[in-house]
Structure formats: structure tokens, C-alpha cells
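First up is the structure itself, then whatever we jot down about it.
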Amino acid sequence: MRAAKFSEHGGVDKISIGDFPDPECGPGDAVIKVNAVSLNGFDPMILGGTTGLPTPFPMIPGGDFAGEIVELGSEVKDWSVGDRVCPHPFVPGEGMTGETRLGAASEYARIPAIHLIRTPDAVSDDDAAALPIAYGTAYRMMLTRGKVTASDTVLILGATGGVGTCCVQLAKAAGATVIVTGSAQWKLDKLSELGADHVIDTSQEDLVKACHAIAGKPRMGMTGDSGGGADVIINYIGGDTWAQSLRCLKPDGRMLTCGATAGYAPPTDIRYIWTYEQNIIGSNGWTAEEQIAVLDMVATKALIPVIHASRPLDQIAPSIQELIDRAIVGKTIIRPNE
Ligand SMILES: NC(=O)c1ccc[n+]([C@@H]2O[C@H](COP(=O)([O-])OP(=O)(O)OC[C@H]3O[C@@H](n4cnc5c(N)ncnc54)[C@H](OP(=O)(O)O)[C@@H]3O)[C@@H](O)[C@H]2O)c1
């Protein structure tokens, strides 16, 4: 089959398009014709070898995918060749598709059938492929773990990415007031169109000062009452933004994280955690039920995935470079069978 592949860590020049062995369908597996695969923040990290995870070379990038079943293992029941699916891409024992197991930027991909999730008729393959990793993670972080409601002011850092744009949409759907950060005005304009109430351009403004000007400065009163600050902060950026974010969180506020794009062992400031009785909440992955909930939201138009571009397989290297250059808003879709 035709696939995008790389055999050593480095930049996008390590990616080539060429022949790759067809996937072998085990007794409990399904082989999917991949109509759409989406890129995530981890694709440049896996290519660059910066995560500490072992990479099985030669490697195919791309974690999320949607398409149709072309082959089923002898033990698989309840599914038929031709069914449209959008699998849950995390396979216990093998890891995440595109991280420690072969990605799906290829004409065909194998997945244990237990991971198959049906794509609703009203959802296109491009939209379905945009959802699992970014939107599933955002759904769990915002709703299941973060319990965001209409009374919350939510600060979302790096809101221009795949996870971030969905966080903005879910926070607005919950009725919350939303503050976003981004590194360029054109990206922030797109987030305003999505409903963001306040924007902070981190290439021009100091995060802490700008957030205090919008949401007020957190203060701990004798009665436990708070002054200002964001009720909820979504911070999967880490790095220097971690300690800065602690200074923007309301007393008893919730800071949620699902990643650390700019560094996972940043300096922190423990004084803020005890003084303001802050809650630091982790969120990891998403369940099949949460993925189905997101697919249903898209099927009913309660959620419209933000697609930056939809391109053929030979455009995958420049598309990953765009992620590295922080030059996109939302998700890039690659169509391996086009
Ligand atoms: N635990 C899980 O299950 C899980 C699942 C999915 C994702 N994640 C994690 O969640 C995070 C977000 O993923 P993603 O796919 O949406 O995209 P991403 O590429 O990590 O980017 C999100 C945004 O972060 C900003 N950014 C990128 N590099 C940065 C840097 N060095 N310093 C500061 N800001 C930077 C960019 O916005 P601006 O340029 O506009 O600032 C970008 O749009 C990642 O850390 C990812 O690993 C975790």
C-alpha cells in the first residue's frame, strides 16, 4: 500500500511517500480503508523524537482516522465489510496509533475490532477523523473532569490548536465566558468567530497582566470570597505558562491539563496552590462513550469541527511543518486514498 513513513527522528525532510507492507488482519482485527486521517500536536513530537516514547521504525504518522471496513478477522462479529467507522485509536498493549503503534497516514490501517466505532450517516469522514484525539480529549477535560458550567469564566491557553478550538466550542456551548490565548491576531480573529469573549495575543501581551485586566486579580478574602481570576484554566502548554497560569486562577479554581507542549517539568509556584486553595486536575484521553458523544454532537450540528485544510497524502510533510510553525487554527485532514 501507499503510505507516509519515516525511519529516523528529525524534521519533515525525514518523511517520504512510498510502498509499505499491507496490514495483516488478525482474527480479532479489522482493516480499514482510510479515507481521512487527521494530524495532532503529537505528530511533530513523534517525528522529532521528543516524547521519550519508543518509535517502531519504519513509522507511519497520523493518529485519528475514518473510513470503511475492507476486511474482518475470523473472530469478529457485529461488523460488516463496507461499514463506515471512526475507531478509538488507543489500543491497550500497543499504545496510541501514530505514537507507539503504526499511524494511519496510509491507504489501509489495522485496528482490533473492539475499537471500532460507527460513523453516523450525517458525519463526513473528514469531520469524523478530526474528532477522536483532539475532540475526545477536549470533551473529557472540559465536561467530565472540568465540569464547566455557564457560571464559569474559562481561560484556554493555546486555544488555536485541535484540542483548544474544541475547548472553546464546548465552553461556549455550556454558556461559559471564554478567554483565549493565541500567538497571532489572525488566529485570534478565528477564535472570536467561534465565540471567544476575550482574546489575549501572547506575541504582544503579558499573559498575567492581560488576564487580570479581563477577569480581575485573584484575592483570598476572610470569608473565602475571591476578588477575581478565572474559575477554570485549560493549560496543556506547560513550560513558562504554568506558573503564570497559577497567578490567574480564582481561589478554589480548577486548572486542567492534558499535556505539556512547551515542557512537562516547568518551574511552578506552590505558594499560589496553597494560598488560593487551587485544584490541579489531570485529564487523560477519553472513553469510547465520550467519542460517541462527540460524534453525536457533530451529527446533530451541536458541534462543527474546525478544519484548517483537507489535503492529499503527498501534502503531509508541509502540513506537519505548519503545525511546527504554529501556522494553523484547528485540524488538518490528510486523505490517503485521494
Ligand atoms: N493526554 C491526552 O490524552 C492528550 C490528547 C490530545 C492532546 N494532548 C496534548 O494536548 C496538547 C494540545 O494538543 P493539540 O493537538 O491541540 O495541539 P498543539 O500542536 O500541541 O498546539 C496547541 C497550541 O499550542 C500553541 N503552542 C504550540 N507550541 C507551543 C509552544 N512551544 N509554546 C507555547 N505554545 C505553543 C499553539 O497556539 P499558538 O501558537 O496560537 O499559541 C497551538 O495551536 C498537546 O500537548 C498534546 O500532546 C493530550
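Within the stretch 293-338, the set of residues being touching a Ser or Thr at 6+ places or on another chain (Cβ under 7 Å), closer than 16 Å to GLY63 by Cα and within 15 Å of the ligand (Cβ to nearest atom) comprises SER319, GLY330, LYS331, THR332, ILE333, ILE334.
All of (1) surrounded by fewer than 15 Cβ atoms within 10 Å (Cβ to Cβ); (2) in a loop (DSSP other than H, G, I, E, B); (3) in contact with a helix residue (DSSP H, G or I) (Cβ under 8 Å, 6 or more places away or on another chain) hold for GLY62 with one exception: (1). For the stretch 17-46, filtering for residues that are polar (S, T, N, Q) and out of contact with any strand residue (DSSP E or B) (no Cβ under 6 Å at 6 or more places or on another chain) leaves 1. Going by the conditions given, is THR332 of a type in the set (Ser, Thr, Tyr) and either buried (at least 21 other Cβ atoms within 10 Å of the Cβ) or in contact with a Gly (Cβ under 7 Å, 6 or more places away or on another chain) (or both)? So THR332 fits the description; yes.
Restricting attention to the stretch 1-48, report how many residues are part of a strand (DSSP E or B), more than 16 Å from PRO89 (Cα to Cα) and either over 26 Å from the mean Cα position of the chain (by Cα) or of a type in the set (Lys, Arg) (or both).
Of the residues in the stretch 1-48, 4 are part of a strand (DSSP E or B), more than 16 Å from PRO89 (Cα to Cα) and either over 26 Å from the mean Cα position of the chain (by Cα) or of a type in the set (Lys, Arg) (or both).
When the residues of the stretch 258-292 are filtered to those that are of a type in the set (A, V, I, L, M, F, W, C) and assigned to a helix (DSSP H, G or I), the one that is nearest to the ligand (Cβ to nearest atom) is ALA288.
Residues in the stretch 98-152 that are surrounded by fewer than 24 Cβ atoms within 10 Å (Cβ to Cβ), within 16 Å of the ligand (Cβ to nearest atom) and among the aromatic types (Phe, Trp, Tyr): there are none.
For residues in the stretch 9-45 being charged (D, E, K, R) and under 18 Å from LEU116 (Cβ atoms), which is surrounded by the fewest Cβ atoms within 10 Å (Cβ to Cβ)?
GLU24
Checked against the criteria, PHE57 counts as in the same structural domain as GLY93 (by TED's automatic domain parsing), farther than 21 Å from ILE328 by Cβ and modelled with pLDDT of 95 or more.
The criterion of at least 1 residues that are of a type in the set (S, T, N, Q) is met, among strands (runs of 3 or more DSSP E) falling completely within the stretch 85-201, by 153-156, 177-182. Within the stretch 268-315, if we keep just the residues that are in contact with a Pro (Cβ under 7 Å, 6 or more places away or on another chain) and surrounded by 16 or more Cβ atoms within 10 Å (Cβ to Cβ), the residue that is nearest to LEU246 (Cα to Cα) turns out to be TYR276.
Of the residues making up the stretch 251-261, just one is modelled with pLDDT under 95 and among the charged types (D, E, K, R), namely ASP252. Taken over the stretch 165-183, the criterion of being over 20 Å from GLY229 (Cα atoms), surrounded by 16 or more Cβ atoms within 10 Å (Cβ to Cβ) and near the ligand (Cβ under 9 Å from one of its atoms) is satisfied by THR165, CYS166.
Answer yes if at least one residue in the stretch 198-212 is of a type in the set (Gly, Ala, Ser), in contact with a Leu (Cβ under 6 Å, 6 or more places away or on another chain) and within 10 Å of the ligand (Cβ to nearest atom), and no otherwise. The answer is no, given that none of the residues of the stretch 198-212 is of a type in the set (Gly, Ala, Ser), in contact with a Leu (Cβ under 6 Å, 6 or more places away or on another chain) and within 10 Å of the ligand (Cβ to nearest atom).
The values are calculated or read from the model by the stated rules, or taken from the named source; none is laboratory data. Because the structure is a prediction, the values reported are computed rather than measured. Positions of Cβ are backbone-derived with ideal geometry, glycine not excepted, and every protein chain shown enters the neighbour counts.
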